[in-house]
Every structure is written in structure tokens, then in C-alpha cells.
Amino acid sequence: MPDFVIRTENLTCDFAAVRAVDRLSLEIPAGIVFGFLGPNGAGKTTTIRLLLGLLHPQSGRAEVLGFDTVTQADAIRRQTGALLEHSGLYERLCAEDNLEFYGRVWRLPKSERQARIKELLTNLNLWERRQESAANWSRGMKQKLAVARVLLHRPRLIFLDEPTAGLDPIAAAALRNDLAALVAREGVTVFLTTHNLAEAEKLCGQVGVIQQGKLIALGHPDTLRAKSGSTRAEIIGRGFTESILLTLRTRPEVATAELTNGRLVLQLNEKTDTAPLITLLVSSGAQIEEVRKGDASLEEAFLKLVEEEE
Amino acid sequence: MMADVLTVMWKEWRELLRQRESMRGGIMRILLFVGVFGVFLPLQMGREWVESPQLLMMWAWVPLFLVTTVVADSFAGERERHTLETLLASRLSDRSILFGKMGAALSYGFGLTSIGIVLGLVTVNLVHGKGELLLYSPTIAVSIIGLMFLGAGLAAGAGVLVSLRASSVRQAQQTMSIAIMLLLFVPIYGVQALPENWKMPIAKLFMNANATQLMFIAMAVLAVIDIGLLVAAMARFKRARLILD
């Protein structure tokens, strides 16, 4: 049993003149949900393809579950599950047949296959609709079915490439909850790419941030938030005029000052005392009802990291 | 590997039967084909259904056409419907996927035609047999089976190769249609375009040749082409290439 389920050393992948993954070095321990964050085209999907042995790197190497991604790709694919960019469902087939096919692919014995399909579809509230063609389902239901397919053969490691992309907030939250429950129940390691930083914050024990193929940050979400060194203050009240905003923006301790839904949101450069800023607001005629202060969100930390890298 | 090939074939057949409509619709299409080739045409042709040597030509072409209708979808369809990458990320080996796809197309063309032949024999014997058992001669029977299988193999090999390269099912179908047209019309118009002083010796050569020998030569040529296409498809099947195409 390796110490790390995924280990890469200077993994590099080029497409013609474009460097998609640039000397990526990662070590991901077993049993966690690892969030791989980055803007579009940062190299997240290419990294998954490299880790599954679907693409070969130009230089560097990677091991997944102790197997080399170039020479032992078949062994990796035998022990992992993947929900890639698209759900990969056969929409002409019914939900049950989709799982039946992949159950056969993973050579689950018939009785185990049937029991497992029932267990997963029941847990995801899809059992009653198992005979329906997936083509007529909502995107959220399709994604749930795809998650069931990924977990069908009880893989030790699963790759999820933006599983909630394109879902409405309710469907995304429902899928996230189902995913978290299933992952906890199955005890698998998850390599999750996402744009949704709130999702990463809720699900991930460790995150990596990739930008233009380069890993620019790695650690626990709390560590990344703390590393960004900024504090966020949300002030609820009235009378936040444009001139007050302009005054605030000239202050050295204020990185940004924005009005969002009638609330004044301040990004502070350091862990500064907000009392002088409140005094300034009150003296400028604003009425303060409530002040909430905390570390920057993962999203803010992420944006700061990406901006710094650019 | 055989179990994996059969798994892919199982999936291909399920999709095939549900191609445009419900499973019932898919089965109806198959029954329609079997009805035409196993009942209607034998009833129309009577004893000639068993005795005419021209039937060889038909039985060589039918599975080829049948395979052509389904094989274009094999990889281009998976690519178009965004299921290919998930399939490639599974534990299935390259050869299991490739042979499963080819096997499904081959079994569709060869299997359906075989059912048509057997049913046709039953129909002819029931209606036109008059107490006599009407059967193909052993040479014709072997030739029919050989040509059917190799014809279906030719379409399956070429079709998979085309489908691997095509970006859409429509593109694959168009390419296959052009290939079939060429296969049909190039020999006809090619012979007509030959110089007059060449035509007579060629015609004589065919007329004087032993029909059985000619049949086996044709089958040998088809077998070589089939193997060539299979090797080409195996060489073309590269996961990284399929994902980046």
C-alpha cells in the first residue's frame, strides 16, 4: 500500500506549442477529497487524463495507487473510477442498463452486480426510475447516475471532473450532499476538479490550485485562506455612498471596497482592526447595523493567488 | 479478453435495438428484414431461390450493406455522444473495445443474413418443395457462408477504420456510402472503359474458368483485405489519439 495514492514528479504535458501541464509535483494521501482548482484551460482535465494513463507526459512521471501511469495504465484503470467532463451515459439505454454494462465491464458477478445497482440507485433516489431512458432525465439526475456508475465497482480512487458544472444551485447542492454521503460511506479517495470554490471548501480536505499548467498553491483550504493574508469584513447598514466607497479605497489597509446587495464588503490587506474604519463610516454619515469579520473565503484566496501568478 | 469483447457486443446490441425508438421498434426492424429475405423473396422466386447461382452475389452484398448501416456509429457515435472518453477510462483493453465493436457489427450483418437464409430455405421447401428437399449444393452453401462472412468482415473492418477517424456519425456514414458506391460501380465502369481488344480475352478467361475456383480465389482475396483492415484498425486504435481527435 503506497503512502500516497497519487504522486507526480515534474509531470509535463505539451500540446504542440501549448504547455498544458507544467512540471506538476503532487502528493495526495489516501482517504481524502482532494480539490484541484483552476480557471478554464488551466490543465485540470489534462492532469486527470495523464493520471488515468489516457495521455502520456512529455517529461516527468506519475504514480497512481503505486502504478506508473505510462507502463501500468491498465492496472490504474482497473482500480479507479472516473466521471469526466461529460457524464458518459448511454442515453439510448435505460439507467439500469447503463449500470449493468459497466458492472459487466468491471466483471462484477451477476448477483453482486444486481445488488450493487439496487443499493446505489436506491441511495440516490433513482431506483423507481431505473427503466427510464437517461435521455429524458434532467442534467442533475444524469450526473447522479454517472456518480453511481463511478462507484459501482467500489474503486479505491475516483476522479470527478467538475461534477456539478451546469447544474442549478439546488441540483448542485443535492448532488454534493449525495456525493459527500457516498464518499464517506464507501471510504474512497476523491480527486475532484471544480470551479465551484464553495463546493471545494465544503468537500475537500486538501486543495491544489493550478494556473497555466503550474501548481501555484497546495494545502488545506484553511491554510490557503490564511496564506492569502487577507481579512474580509461585511458591514450591514445604510448610507454607503459612492464618496464613502472612494474614501475607503484610499485607505492603505483596504484592498477592495464593494457594495454587494446593499452590504459593504471590505477586503482588508492584513488582519487589521476594523474599529477606525467603522468610526470613519459613522462620521461620514453611514448608519451601521452589524459588522461581520472573518478570514477571506477560499474564492477570495483563489482569486488572489491567480492574480498574483498572472 | 473474450468476456470483455462479449460485454462490449452486449452494449452495442442494446444500443442498436434502441437506435431510433423503443426496443420493440428495433425488433420490428429486424423482423421486417427477416420477413423480406426469409419469406417474401423466397415466395416470389420459388425454386430459383435455391438453384440460381446469381443468389451468391446477393448473399455476398446483403451482410455488407447491413454492417454498413450500423458500423459507422461504432466510434464516431461514441465520440459524438461524449461517451468515448468514459469508455476509454474503463478497465477494458484496446482490443476488447475494438473487437467488441467489430464483433457487434459483424454479428448483426452475418447473423441477420443467416437467419434470412435458413428461413428462406424453410419457406421455399414448404411452398415449392412438393415433397422434395430443396437445398443449396455443398459448394454453393460454402461459398454463400464464406462470402457472407468475408463481406460482413470487409464492411466491419473498413467501417471501424472510417468511424475511428470520423468526427461525426454523418461523416462516417457518408464516407462508407462513397466506398460502397466505388465498390459497386468501379468494376462495372472499369470493365467498360477497358480497350476493346482487352475485353474479349478477359471475358473468355472468366467463362472458361472453374466457377468454384473463382469463388475460392474471391474469398481468399477478401480474406486478405479483411485481415489488412483489421491490422490497420488495431494500429489506428490509440487511446491518446482518440481522446485528442
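The values are calculated or read from the model by the stated rules, or taken from the named source; none is laboratory data. Because the structure is predicted, anything quoted here is derived from the model rather than measured. Glycine also receives a Cβ, built like all others from the backbone with ideal geometry; neighbour counts cover every protein chain displayed. When the accessible area is computed, the model is the full protein with side chains, heavy atoms only, and any ligands, DNA or RNA have been set aside. Shrake-Rupley method; radii C 1.70, N 1.55, O 1.52, S 1.80 Å.
Quick rundown of the values:
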read-out: Cα-based reach from A:LYS304 at 17 Å (exclusive), listing lysines while leaving out same-chain residues under 8 positions away; value: A:LYS214, A:LYS227, A:LYS271
read-out: Set of aspartates and glutamates near A:LYS118 by C-alpha distance (under 13 Å), chain-local residues within fewer than 8 positions excluded; value: A:GLU96, A:ASP97, A:GLU100, A:GLU128
read-out: Qualifying trypsin sites (Lys or Arg not before Pro) for region B:22-130 [loop in DSSP, other Cβ within 10 Å: at most 12]; value: B:LYS130
read-out: Percent antiparallel among DSSP beta bridges (both partners in the protein assembly as shown, rounded to 5); value: 70
read-out: Net charge, B:ARG170 excluded, C-beta distance under 11 Å - Lys, Arg +1, Asp, Glu -1; value: -2
read-out: Rough spin-label spacing in nm, given labels placed 7 Å along Cα→Cβ, for A:GLU128 and A:ASN269; value: 5.9
read-out: Compactness index (Cα Rg / 2.2 N^0.38 Å), the protein assembly as shown; value: 1.32
read-out: Counting DSSP beta bridges with both ends in chain A, the antiparallel % (nearest 5); value: 70
read-out: Contact order normalised by residue count of region A:4-225, Cα under 8 Å, 6+ apart, percent; value: 29
read-out: Region A:229-309 shape via C-alpha gyration tensor axes, a/c threshold 1.5; value: prolate
read-out: 5 Å binning of all Cα-Cα separations within region A:29-90, expressed as whole percents from 0 upward; value: 4, 16, 24, 25, 21, 9, 1, 0
read-out: Spin-label pair B:ALA232/B:LEU133, simplified geometry with 7 Å Cα→Cβ offset, distance in nm; value: 4.4
read-out: Listed residue (A:LEU264, A:VAL254, A:ALA180) projecting farthest to the positive dipole end of the protein assembly as shown, Cβ model; value: A:ALA180
read-out: Spin-label zone in region B:55-83 - amide nitrogen under 20 Å from a point set 7 Å from the Cα of B:LEU194 along the C-beta vector; value: B:57
read-out: Most mobile listed residue (A:LEU37, A:LEU248, A:LEU55) in chain A, GNM with C-alpha springs under 10 Å; value: A:LEU248
read-out: Rg in Å to one decimal, and Dmax rounded to a whole Å, for region A:49-155 via C-alpha atoms; value: 15.4, 49
read-out: Residue-averaged [θ]222 nm for chain A, counting only DSSP H segments that reach four residues, each worth -39500 (n - 2.57); value: -11000 deg cm²/dmol
read-out: Of the DSSP H helices in chain B, those whose Cα atoms cover at least 30 Å axially and whose Kyte score averages 0.0 or more; value: B:94-128, B:138-165, B:169-193, B:211-236
read-out: Alpha carbon convex hull of chain A, projected area averaged over orientations, nm²; value: 19.0
read-out: Pairwise burial B:A, computed as accessible area of each alone minus the pair, summed, 1.4 Å, Å²; value: 2800
read-out: Nitroxide proxy distance, nm - points 7 Å out along Cα→Cβ at B:SER177 and B:PHE33; value: 1.9
read-out: Rg ratio (alpha-carbon, reference 2.2 N^0.38 Å) - chain B; value: 1.12
read-out: Cα-based reach from B:LYS204 at 19 Å (exclusive), listing aspartates and glutamates while leaving out same-chain residues under 8 positions away; value: B:GLU196
read-out: Cα-based radius of gyration of region A:161-310 once divided by 2.2 N^0.38 Å, which approximates compact folds; value: 1.24
read-out: Shielded by partner chains, region A:88-113 residues - at least 20 Å² of accessible area, 1.4 Å probe, vs chain alone; value: A:GLY88, A:TYR90, A:ARG92, A:LEU93, A:ASP97, A:PHE101, A:TYR102, A:ARG104, A:VAL105, A:TRP106, A:ARG107
read-out: Residue (of A:VAL18, B:LEU119, B:PHE33) at the positive-pole extreme of the protein assembly as shown, dipole from beta-carbon charges; value: B:LEU119
read-out: Added length on full extension, which subtracts the Cα-Cα distance from 0.36 nm per residue, A:ASP168 to A:ASN10; value: 53.2 nm
read-out: Largest-first ellipsoid semi-axes for region B:169-245, taking √(5λ) over the Cα gyration tensor eigenvalues, angstrom; value: 35, 18, 9
read-out: Ellipticity estimate at 222 nm from DSSP helix runs (n ≥ 4, -39,500 (n - 2.57)) divided over chain B, nearest 500; value: -27000 deg cm²/dmol
read-out: Charge tally in the Cβ shell below 11 Å around A:ALA174, where Lys, Arg are +1 and Asp, Glu are -1, A:ALA174 excluded; value: 0
read-out: GluC sites (Glu not before Pro) restricted to region A:14-103 and DSSP loop, no more than 16 other C-beta within 10 Å; value: A:GLU85
read-out: Cross-link pairs A:LYS110/A:LYS142; A:LYS110/B:LYS11; A:LYS144/B:LYS238 - those with Cα-Cα distance over 20 Å; value: A:LYS110/A:LYS142; A:LYS144/B:LYS238
read-out: P(r) histogram, all alpha-carbon pairs of region B:98-141 included - 10 Å bins from 0, percent; value: 25, 36, 23, 12, 3
read-out: Extension gain (nm, one decimal) between A:THR71 and A:ALA17, 0.36 nm per residue minus Cα-Cα; value: 16.9 nm
read-out: Segment B:ARG165-B:LEU244, length gained on full extension (0.36 nm per residue, minus Cα span); value: 27.3 nm
